Structures are given as C-alpha cells and as structure tokens.
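None of the figures in this text is laboratory data; all of them are computed from the coordinates on show. These numbers come from a predicted model, not from an experiment. Note that we place each Cβ from the backbone using ideal geometry, even for glycine, and neighbour counts take in every protein chain shown.
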Amino acid sequence: MKKYLAEMVGTFVLTFAVALSLTGKLALPTPLMAALALGLVVYAVGHISGAHINPAITVGLWSLKKIGTKDAIFYIIFQFIGAIIALLLSASFTTPPSLTVLNNWPVFFGELFGAFFFSFGVASVATEKVPAAMSGLVVGASLFLGISFASFLSNGVLNPAVALGINSFSLSYLFGPIIGAILGMQVFKMLSEKK
C-alpha cells in the first residue's frame, strides 16, 4: 500500500505545484516549477514506488515489463486520486486558470512528442543507466525538455492525471502522452540493448 500512497502523494505534489504556478503568482515559470517538483518527488519517494507520478509513464514502464499489470492499474488509480485532491485543494485557494483545452491532432502530436522525449529520459533512470544520485535531475530535466517541445502545439502537460487536475483534460491529453511514453521507452530500449 505504501507504494500506491507514494504515487498519490507524488502526483498531488506535482499537480498542486503546476496548478499554483499557472495562476502566475509564483516566481518560476510553470515548466521549471513542474521540473523542480517532479525532481523533488523522485528523490523523496523514488525508493518507495519508483516515482512514476504519471499514468503515461506507468504504461510506458509496463510496456518495458518494469511493472506488473496489477501494480500498474493501482498506480494509475492512485495517481488520478492525487491529482483530484490537488484540483480540489488548489480550487479552494485560488481561481483555477483558464486554459484553452482542445481535442485535435496538433494537441495530440504535441503531447505525444513531448512525452516521447520525457519518457526517453525516464527510461534511462528506470533501466539504471543513470547513477541513482542523478535520477531526480535527469527526470526533472527530461520533463522540462518535453514540456518545452510540446508547448508549441499543446498546453505541454504530458501527464493525463495532471491534465485532469488542472482542467486541461481531453482525449488528446490522455492518449498523446500514453502513446508518446510507450514509444520513447521502446526506442530507448532498442538503442540501449546490447546485441
């Protein structure tokens, strides 16, 4: 149960940080705030759950057989619970940001490409190609890069749970990151496998 609660708390922290950042009242821009929050969560709960903190990353790691089906399902459930708690709490403190939420091919591909680059970095950590001491830095930097690429076409969320928690949810924000994460992790696997 600890690993599921770690996923819930981690997703809450990330979603809450992004939601508050989108109000424009924090000193840091949202992509940097998201990267720092995720890096912190990786260091704080990575040893408990692996710090997926994202349904798309969980599905991507499931495609690499780094997590079993039962755990993947419960991770995703608890990630969405964490995001919903963040949505409710942030709405009690501030007016939710007004985001344009579209469901079209450009948004889908923006989320897909961003998640591809993000998950490519996550795969390097999950397969222990990166020293453990660098894990939060690599994952946070990968998220920052992915958001930066995606934001040309979408809101640059790359996380279906966070998308729900900041009112930026559509089929494009659900399936774009999931497909992108699977592709990013599978490409990493293909490139890093020894013949």
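What the table below lists for this structure:
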| item | result |
| --- | --- |
| Reach of K2 by Cα under 16 Å, taken over lysines that are not fewer than 8 positions away in the same chain | K70 |
| Packing-based ranking, highest mean first, of 67-73, 89-95 given that Cβ atoms within 10 Å are counted | 67-73, 89-95 |
| Rounded tilt (10° steps) of 105-126 against the dominant C-alpha axis of the chain | 50 degrees |
| Volume in Å³ per residue [convex hull over Cα atoms, computed for the chain] | 101 Å³ |
| Karplus 3J(HN,Hα) series, Hz, for the range 166-175 with 6.51 cos²θ - 1.76 cosθ + 1.60 (x for Gly, Pro) | 10, 6, 10, 10, 7, 4, 5, 7, 8, 8 |
| Longest to shortest principal axis, alpha-carbon extents of the range 1-45, angstrom | 36, 16, 11 |
| FRET efficiency estimate (nearest 0.05) - Cβ-Cβ, F93 to E193, R0 41 angstrom | 0.30 |
| The range 87-195: relative contact order as a whole-number percent, Cα under 8 Å and 6+ apart | 41 percent |
| Electrostatic dipole magnitude of the chain [Cβ: Lys, Arg +1; Asp, Glu -1; Cα centre; debye, to 20] | 400 debye |
| Proximal aspartates and glutamates relative to K129, as straight alpha-carbon distance under 12 Å, when same-chain residues fewer than 8 apart are discounted | E193 |
| Value of relative contact order over the range 1-146, rounded to a whole percent, pairs C-alpha under 8 Å and six or more apart | 35 percent |
| Positive-pole candidate from L22, L36, A123, dipole of the range 2-192, charges at beta carbon | A123 |
| Fewest-first sequence of S148, S142 by Cβ atoms within 10 Å of each Cβ | S148, S142 |
| Per-peptide average of other Cβ atoms within 10 Å, ordering 43-50, 16-23 highest first | 16-23, 43-50 |
| ³J(HN,Hα), Karplus 6.51/-1.76/1.60, whole Hz, each residue of the range 29-36, x for Gly, Pro | x, 4, x, 6, 4, 5, 5, 5 |
| Leading residue at positive end of dipole, the chain (Cβ point charges), from G60, G140, F93 | G60 |
| Ranking of V41, V59, V122, V101 by count of other Cβ atoms within 10 Å, fewest first | V101, V59, V41, V122 |
